[in-house]
Structure formats: C-alpha cells, structure tokens
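The values are calculated or read from the model by the stated rules, or taken from the named source; none is laboratory data. Predicted, not measured: the structure shown is a model, and the values here were computed from it. Here Cβ is always computed from backbone atoms with ideal geometry, including for glycine, and neighbour counts include all displayed protein chains.
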Amino acid sequence: MRESYDYIILGAGVAGLSFAHEVAKNGNSVLILEKAKVIGGLSQTLEYKGFLFDYCAHRFHTADKELLDEVKNIVGSNFTRHIQKSRMYMFGRFLKYPFELQNLLRAMKLTQAMRAVFSFGLKFIIRQLRALLNMERTDFKSYKDWFVHYFGNTLYSIMCEPYTTKIWKTNPGNISADWADQRFQGTKLVKLFKRIIVKLLKLDFSSYSLEDDSLAPDGGEFYYGETGAQDIPHGFERELKKLDSEILTKVVISKIIENEKAVEFTMSGSEESVHKVAAKKSIISTIPLHDCYDYVDRDKKEVKESLDSLKYMDIIFVYLLIDKEQVSNDHWLYFPDEDIIFNRSVEFKSWSKKMTPEGKTAICLDITCFEGDDTWNKSNQSLIEECIGSSVKVGLIEESEVFDSLVIRVKDAYPFYDLNYKSKLLKIVTFLEDKNVVHCLGRTGIFRYNNSDGSIEMGIQLAKKLIADESGATALDYEIKEISY
Ligand SMILES: Cc1cc2nc3c(=O)[nH]c(=O)nc-3n(C[C@H](O)[C@H](O)[C@H](O)COP(=O)(O)OP(=O)(O)OC[C@H]3O[C@@H](n4cnc5c(N)ncnc54)[C@H](O)[C@@H]3O)c2cc1C
C-alpha cells in the first residue's frame with residue numbers, strides 16, 4: 001500500500017468499481033477499501049455446498065447500448081442474453097407478468113373486473129382531457145397519488161396497496177411518488193395498458209389462457225453472467241488489476257480526516273495497526289450515508305436530525321435447497337398476498353445451469369424488514385419453516401423435497417423513500433460534499449433506488465466530471481432511467 005492515491009473509494013460494489021475503472025483508465029491511481037470479505041456489495045454471489053446464490057433476482061438491463069457494450073466487454077462472453085420470464089401469484093393462481101390486463105381481469109370476479117375497467121377508463125379520459133387543456137398533473141406527492149392517477153382506485157386497492165404495503169411495511173400514501181416513477185418506467189406501462197384496452201375492446205382473447213406457460217409478450221430482455229450476478233464485479237476487478245489499482249477487503253474504517261483528505265482504517269483481525277492513506281484528488285463514498293457521516297471528523301449536529309429519520313430497508317433471504325430437477329422455468333415469481341411470508345421466489349437454475357448441481361435446484365425467497373423489527377428478530381428456524389409452509393401452500397414444492405436451507409440477513413438493501421426523503425437527503429449529501437473532499441455515489445452511497453446499471457453509469461458519470469475538474473460535481477444530479485419491478 002502506498003501513502004497516497006489519486007482516488008480512495010469506500011466500498012467495492014459496482015458503483016465504486018465502475019468509478020475506479022473509469023478514473024484508472026485515465027491514468028489515475030486508485031485504492032478501494034471494502035468492509036466485507038468479498039467485493040460486489042449487493043451484486044454478490046454466495047457459494048454454498050455446490051450451489052451459487054445471488055441476493056435474489058439480479059438481471060442486468062439497460063436501454064443504453066454503449067453502457068451495455070462496455071459491461072459486456074468487461075464481463076466477457078459468458079454474459080448472455082435472456083428473455084425475462086416471471087409470473088405473479090394472485091387470486092390463487094399464477095398470472096403472467098408483466099400483466100396482461102385481459103389475463104388479470106379474467107382471473108378476477110366479474111364485478112371486480114368491471115369496476116377495474118371503469119375506474120381505469122375514467123382516469124384515462126380525465127388524463128386525456130387534462131392533456132388537451134395543457135393541465136397534465138406532475139405534482140404527485142405519494143406513490144398512491146401517482147398510481148390512482150394512472151390506473152384508478154380499483155387496481156390500486158387490488159394490486160398496488162397490498163403488495164407495496166407488504167414490501168415496504170407502510171401504505172403507498174406514505175411513500176414518495178419519486179419511487180413510482182422510477183419503478184414503473186411511467187409512460188411505458190401506460191402504453192402497455194392502452195394496447196391491452198384496445199385488444200379488450202376488439203374482444204381479442206385468442207392467445208390468453210390462465211395456465212399459459214409461454215413467455216409474456218412484454219417480458220424484457222436482460223443479461224446475466226454464467227456464474228451469477230458477481231460476474232460483473234469480478235469483471236471490473238480483473239480490469240482494475242490490469243490497471244494496477246488496489247482493492248483491500250475486510251477493512252474497518254475509523255475516520256475520514258477531511259483537512260488531510262485522508263482515511264484512517266485497520267484490517268479486520270489486526271485492529272492494533274492503524275493505517276492512514278491520503279487522496280490526492282478525492283474520496284468517493286459508496287457506503288451507507290450513516291457510516292460516512294460517522295467517519296467524517298467535523299461537527300455534524302446540523303444534519304443529525306435528517307440523518308436519523310432517513311432509513312434504509314433491510315432484507316432477509318431464505319434459500320431452500322430442493323431435491324428436484326426444477327421448480328418452474330420462470331426467472332422469478334411474485335407473491336403479493338399478505339399471508340405468504342416472502343415477496344418473491346427466484347430459481348437460479350432458470351438463469352444459468354452452472355448455478356446448481358445436477359438433479360437439484362434451489363429457490364431464494366426474500367422478506368423485507370427493518371433491523372430489530374419482529375421479522376428481523378425471528379429465528380432462522382422459524383423463517384425457514386414459514387417459508388416452506390408458504391411455498392407448499394402456493395404449490396411450489398413439497399415439504400419433503402427440501403434437504404437443506406440457508407438464511408442470510410442483509411442490511412441497507414433498499415433506500416426507503418418516505419414523503420420527505422428528498423429534502424433530508426439533499427441536506428445530508430450537501431453537508432458531506434461541502435468541502436469538496438468526499439463525493440457520495442451509488443445506490444447505497446447516495447440513497448438512489450437504482451439498479452446495477454444505474455450504479456455503474458453513475459460511477460462513470462461522476463468519474464468523467466471529476467476528471468474534467470468540474471467544480472461542484474455531484475452524483476445528486478444523476479437521473480435514474482429504469483428500475484426493475
Ligand atoms: C433484493 C435486490 C434485488 C435487486 N435486483 C436487481 C436486478 O434485478 N437488477 C439490477 O441491475 N440491480 C438489482 N438490484 C440493485 C443492485 O444490487 C444495486 O443497484 C447495486 O448492486 C448497487 O451497487 P452500489 O455499488 O451502488 O452499492 P452496494 O452494492 O451497496 O455497494 C456498497 C459497498 O460498500 C461496502 N460497505 C458498506 N459499508 C462499508 C463501510 N463502512 N466501510 C467499507 N465498505 C463498506 C459494502 O459492503 C458494499 O460492497 C437489486 C438489489 C436488491 C437488494
């Protein structure tokens with residue numbers, strides 16, 4: 001380790017790695033300090049008894065061809081294209097996802113379906129009238145406002161309210177509308193619904209059956225590495241090695257000394273020797289805002305209140321190892337019903353045959369929660385039993401097929417967008433970046449609910465701005481383009 005580097009990066013998730021790659025390509029020296037044993041952050045893959053497990057579904061998709069080509073080059077030829085196959089369990093059966101409205105309506109009770117069409121149609125007409133009068137609404141405060149505006153009250157209460165409440169543990173009325181825009185790729189979904197309404201009006205039901213196993217027509221494409229989501233971070237790591245950049249794992253950071261542009265840290269297991277490295281240019285933080293705040297060595301009282309009420313959501317993954325060739329060929333399945341403990345089931349065998357040993361399969365079931373709440377505090381055994389119970393109930397598996405299991409708890413998995421998150425975030429990031437020493441970056445580092453492509457792109461954009469010596473460069477102005485469901 002040297003005494004100084006051009007850039008010191010905190011966190012080896014894809015945001016930190018892509019930033020490092022971009023600046024290193026341009027001749028800068030780089031040191032990445034990572035707390036975990038492995039790199040990759042949320043895009044990591046675990047190895048367990050011959051199985052490979054991601055943190056739930058991790059598809060790489062982007063509309064930006066240049067970014068896709070760059071990531072393909074970095075990961076290599078094992079990064080292959082897939083067409084998304086997913087379904088949602090509602091009304092006691094698996095429906096295609098993304099929804100085909102006619103498929104959904106036929107699963108509902110007739111009165112429910114009629115109300116859904118009526119309220120959706122009414123909202124549609126209101127929106128058209130508003131557009132004609134140049135009075136289109138953009139001032140949505142909450143996710144509920146946004147959803148009802150586009151889809152009407154009935155679809156809100158059937159689809160949006162239960163699933164959102166299950167995932168976020170709060171009503172959609174308490175979640176910022178920003179999240180909705182990012183999540184649903186707004187206009188695209190509206191286009192899809194319009195097309196479906198036209199089909200409905202023409203009574204075109206020809207190709208729709210509830211049991212239909214074929215691909216959803218609107219299932220998007222995505223890319224995935226042969227040995228899991230971590231193929232992307234590993235690709236960056238290979239490139240960074242060629243550029244002489246250094247990555248240290250198992251690092252325990254103790255301080256960011258701003259007036260020296262330095263970071264003080266020890267290595268886990270040898271806490272007695274304290275290291276100090278300086279950044280000639282900047283320190284890039286991709287770690288949780290609360291950690292970065294703790295490390296900065298100046299009076300921070302003015303932002304403490306904002307920070308205390310800004311929270312990340314945590315997640316538990318329960319992996320069930322199954323003595324069966326395959327559960328289904330879907331990439332993932334959604335479970336909005338409240339009485340099913342998990343939100344999704346992901347079967348990695350559908351993503352790559354290399355993820356599971358022959359003749360066996362595994363499913364990853366995710367449960368969102370907050371550290372310290374009743375769910376987080378449940379014992380592993382009770383989480384496993386509840387997951388098996390729910391999986392049997394929806395017909396995924398038989399109890400006797402489960403031969404092993406694993407439970408992983410992951411903190412800070414989702415930025416939680418409450419109604420006032422934006423003003424709090426602005427205050428905190430402005431404070432942390434104020435001295436032009438620290439720059440916040442990435443999903444976790446700047447509290448942006450984006451996918452891995454967003455974190456990578458944000459890393460590249462910030463690197464380009466800093467290389468160009470743009471004053472006041474910040475990732476706060478990064479615009480999220482797409483987000484997965
Ligand atoms: C359940 C789930 C499903 C997802 N599905 C998809 C998907 O389908 N497609 C997709 O593209 N994206 C998906 N994502 C999002 C994707 O995982 C993230 O956008 C991306 O991995 C974020 O990268 P990052 O570098 O911004 O943050 P992180 O991955 O959070 O990186 C931060 C790094 O900092 C390290 N760190 C934390 N604290 C410290 C500290 N104090 N000191 C030093 N290091 C520290 C962490 O260990 C980590 O390595 C999903 C995320 C989740 C949680």
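General observations
- Single residue of Thr164, Thr170 found to be at pLDDT 85 or above and in a helix (DSSP H, G or I): Thr164
- For the stretch 283-299, the set of residues classified as more than 8 Å from the ligand (Cβ to nearest atom), within 20 Å of the chain's Cα centre (by Cα) and touching a residue at least 24 places away in the same chain (Cβ under 8 Å) consists of Ser285, Leu289, listed by residue number.
- Boolean, Ile388 is within 23 Å of Ser328 (Cβ to Cβ) and within 21 Å of the chain's Cα centre (by Cα): no
- Within the stretch 436-447, considering residues that are among the aliphatic types (A, V, I, L, M) and closer than 11 Å to Leu10 by Cα, the one nearest to the ligand (Cβ to nearest atom): Leu441
- Residue tally, condition within 18 Å of the chain's Cα centre (by Cα), farther than 22 Å from Glu47 by Cα and of a type in the set (Asp, Glu), over the stretch 402-442: 1
- Asn450 vs. criteria within 14 Å of the ligand (Cβ to nearest atom) and modelled with pLDDT under 95: yes
- Filter result (crowded, with 21+ Cβ neighbours inside 10 Å and either more than 6 Å from the ligand (Cβ to nearest atom) or polar (S, T, N, Q) (or both)) within the stretch 53-67: Phe53, Asp54
- Ile363 being within 16 Å of the ligand (Cβ to nearest atom) and at pLDDT 95 or above: yes
- If you filter the stretch 351-373 down to residues that are within 23 Å of the chain's Cα centre (by Cα) and in a loop (DSSP other than H, G, I, E, B), you find that the one that is surrounded by the most Cβ atoms within 10 Å (Cβ to Cβ) is Trp351.
- From the options Glu246, Glu237, residue that is more than 26 Å from Asn451 (Cβ to Cβ), charged (D, E, K, R) and at pLDDT 95 or above: Glu246
- Hits in the stretch 303-336 (condition: touching a helix residue (DSSP H, G or I) at 6+ places or on another chain (Cβ under 7 Å) and acidic (Asp, Glu)): Asp323, Asp330
- Considering only residues in the stretch 6-52 that are part of a loop (DSSP other than H, G, I, E, B) and of a type in the set (Lys, Arg), the one that is farthest from the ligand (Cβ to nearest atom) turns out to be Lys49.
- Residues that are buried (at least 17 other Cβ atoms within 10 Å of the Cβ), among the small types (Gly, Ala, Ser) and under 16 Å from Glu246 (Cβ atoms) occur at least once in the stretch 6-15.
- Condition met for Arg448 (buried (at least 17 other Cβ atoms within 10 Å of the Cβ), basic (Lys, Arg) and part of a loop (DSSP other than H, G, I, E, B)): yes
- Lone unmet requirement of (1) surrounded by 14 or more Cβ atoms within 10 Å (Cβ to Cβ); (2) away from the ligand (no atom under 16 Å from the Cβ) for Phe348: (2)
- Scope the stretch 343-391; condition over 18 Å from Ser86 (Cβ atoms) and of a type in the set (Lys, Arg); matching residues: Lys353, Lys354, Lys360, Lys378
- Selection within the stretch 402-435: residues that are in a loop (DSSP other than H, G, I, E, B) and more than 14 Å from the ligand (Cβ to nearest atom). The member of this set that is surrounded by the most Cβ atoms within 10 Å (Cβ to Cβ) is Tyr417.
- Residue list for the stretch 326-345, filter: within 13 Å of the ligand (Cβ to nearest atom) and assigned to a loop (DSSP other than H, G, I, E, B): His331, Phe342, Asn343
- Candidate set from the stretch 453-485 (those that are within 13 Å of the ligand (Cβ to nearest atom) and part of a loop (DSSP other than H, G, I, E, B)); member that is modelled with the highest pLDDT: Tyr478
Quick grid of which residues meet (1) under 30 Å from Glu386 (Cα atoms); (2) modelled with pLDDT under 95:
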site: Ser282; (1), (2): no, no
site: Ser285; (1), (2): no, no
site: Leu289; (1), (2): no, no
site: Asp294; (1), (2): no, no
site: Lys300; (1), (2): no, yes
site: Ile315; (1), (2): yes, no
site: Leu321; (1), (2): yes, no
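- Screening Arg195, Arg130, Arg106, Arg183 for residues that are out of contact with any helix residue (DSSP H, G or I) (no Cβ under 7 Å at 6 or more places or on another chain), assigned to a helix (DSSP H, G or I), surrounded by fewer than 16 Cβ atoms within 10 Å (Cβ to Cβ) and at pLDDT below 85 leaves exactly one candidate, Arg195.
- Just one of the listed residues (Ile167, Ile83, Ile125) is in contact with a Gly (Cβ under 7 Å, 6 or more places away or on another chain) and among the aliphatic types (A, V, I, L, M), namely Ile83.
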